[in-house]
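Comments concern the structure below.
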Amino acid sequence: MNELEARAILFGAVEGGHGFWSQEIFGSSALRIYEKLLNGGYDSIKYGPLIKQISSLSADQILTSIESCGAKLIVPGDLYWPARVEDLAAPPIALVAKGNLEVLQSDSLAIVGTRNPTNYGARIAGDFAAGFVDRQWSIVSGGAYGIDSFAHKGALAAEGATIAVIACGIDINYPAGNARLFEEICESGAIITEFMPGEKALPHRFLTRNRLIASISQATLVVEAAFRSGSLRTARDAAELMRPVMAIPGPINSPTSEGCHRLIGERAAEIVTSIADAVEFIGINQ
């Protein structure tokens, strides 16, 4: 058993974003934690189900299931590991990635927002994605309908690279209507996830996924978001990491801009009205 094999087994057994186990592993090593679990180093009653699960898993089984999806398990120390995720309080134990993994080392901007954008929001997401691609940045988003999709498409239309961070297994097209988009993303960019193949997109996993979007990116732009929105969580995750956060203003009576106005009003995000504004703000705050 080596570090990669131990990390693969723990990745297969521990839910993505689990604060305790993430901190245990990054505070020591996956191999040490794996051995400690098997050798009585943790409460056998409290952690009985986990101990039983890791005892039944093999690293080959985990790695084969990932590779059969055309993907790769990447871990800290790997060439393509996005080291910025280690700034998180609960860094991922590992990531499953598919596509052009070199893009994970590029400068990147997260563009997030509502699943039900206005035409204005859709256009702005695409325009900002293309503008940053022109400056050799990649675009990070969540692969969902709405602003996410328009951000990914804007990057692709500008012949750039984009990264989709998904909340399910790499073999699951969620949402199904974006299956073709995911294929296009993998041609020049990548899809990554913190979940094993076959795992479904459950509600709590989107919040887990949002922190990855914030951490992989050097800055985050919220285009349109409702007053209560998962996109605001991504913005706050980015702010906690001391990364620049920006928001696009909209009409004062537009429900889809209430979240952006909230961020701007709370001074949790910088108001930006042009790509030049965003580039300058990021440059000043890096």
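Counting just the residues of region 57-99 that are over 22 Å from T162 (Cβ atoms) and hydroxyl-bearing (S, T, Y), which one comes out surrounded by the most Cβ atoms within 10 Å (Cβ to Cβ)? By that ranking, first place goes to S65.
The criterion of at least 2 residues that are under 12 Å from the mean Cα position of the chain (by Cα) and closer than 18 Å to V279 by Cβ is met by the following strands (runs of 3 or more DSSP E) wholly inside region 89-151: 108-112, 138-141. Restricting attention to region 241-262, the residues that are out of contact with any strand residue (DSSP E or B) (no Cβ under 9 Å at 6 or more places or on another chain) and either in a loop (DSSP other than H, G, I, E, B) or without any contact (Cβ under 8 Å) to a residue 24 or more places away in the chain (or both) total 7.
Within region 6-29, which residues are part of a helix (DSSP H, G or I) and surrounded by fewer than 17 Cβ atoms within 10 Å (Cβ to Cβ)?
Of region 6-29, the ones part of a helix (DSSP H, G or I) are 6-13, 19-27.
Correct list: G19, F20, Q23, G27.
When A268, A276 are screened for being assigned to a helix (DSSP H, G or I), in contact with a helix residue (DSSP H, G or I) (Cβ under 9 Å, 6 or more places away or on another chain) and free of Cβ contacts under 8 Å to residues at least 60 places away in the same chain, only A276 passes. Residue pairs whose Cβ atoms lie under 6 Å apart, sitting 6 or more positions apart in sequence or on different chains, and linking a residue in region 112-127 that is without any contact (Cβ under 8 Å) to a residue 24 or more places away in the chain to a partner that is among the hydroxyl-bearing types (S, T, Y), do not occur here. Say we look at region 100-114 and pick out the residues that are within 17 Å of A130 (Cβ to Cβ) and touching a Leu at 6+ places or on another chain (Cβ under 9 Å); which of these is surrounded by the fewest Cβ atoms within 10 Å (Cβ to Cβ)? The extreme case among them is L109.
Of the residues making up region 205-235, those that are farther than 25 Å from A94 by Cβ and part of a helix (DSSP H, G or I) are S231, L232, A235.
Being modelled with pLDDT of 95 or more, buried (at least 18 other Cβ atoms within 10 Å of the Cβ), within 27 Å of V96 (Cβ to Cβ) and out of contact with any Cys (no Cβ under 7 Å at 6 or more places or on another chain) holds for only one residue in R243, R262, and it is R243.
The values are calculated or read from the model by the stated rules, or taken from the named source; none is laboratory data. Just so we're clear, the structure is a prediction, and the values are computed from it rather than from any experiment. Ideal geometry is used to build each Cβ from the backbone, glycine not excepted, and the neighbour counts take in all protein chains shown.
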